[in-house]
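Asks: After the structure tokens below, expect a handful of questions from me.
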């Protein structure tokens with residue numbers, strides 16, 4: 001993801017941690033790697049059309 005976003009790994013980790021804290025994404029740990037899943041229901045309740053993301 002760092003290569004596609006042009007952001008450093010520490011910067012991405014920082015921002016993803018804030019999204020996890022806000023409940024926007026869920027963090028799934030697989031070994032030492034982390035995967036993130038979008039909380040679609042939270043965004044839809046906020047009036048955000050997740051199909052356009």
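Asks: Specify the residue that is surrounded by the most Cβ atoms within 10 Å (Cβ to Cβ); the eligible residues are those in the range 17-38 that are part of a loop (DSSP other than H, G, I, E, B) and out of contact with any strand residue (DSSP E or B) (no Cβ under 9 Å at 6 or more places or on another chain).
Replies: This residue is 23.
Asks: Condition first: part of a helix (DSSP H, G or I) and within 15 Å of residue 21 (Cα to Cα). Now tell me which residues in the range 39-48 satisfy that.
Replies: 42, 43
Asks: Scan (1) surrounded by 10 or more Cβ atoms within 10 Å (Cβ to Cβ); (2) assigned to a helix (DSSP H, G or I); (3) more than 14 Å from the chain's Cα centre (by Cα) for the single condition residue 51 breaks and write down its number.
Replies: Answer for residue 51: the failing condition is (1).
Asks: Additional query: Residue 12 is checked against (1) assigned to a helix (DSSP H, G or I); (2) at pLDDT 95 or above and fails just one. What number does that condition carry?
Replies: All conditions are met except number (2).
The values are calculated or read from the model by the stated rules, or taken from the named source; none is laboratory data. Since the structure is predicted, the reported quantities are computational estimates derived from the model, not experimental observations. All Cβ positions, even for glycine, are placed from backbone atoms using ideal geometry, and neighbour counts span all protein chains on display.
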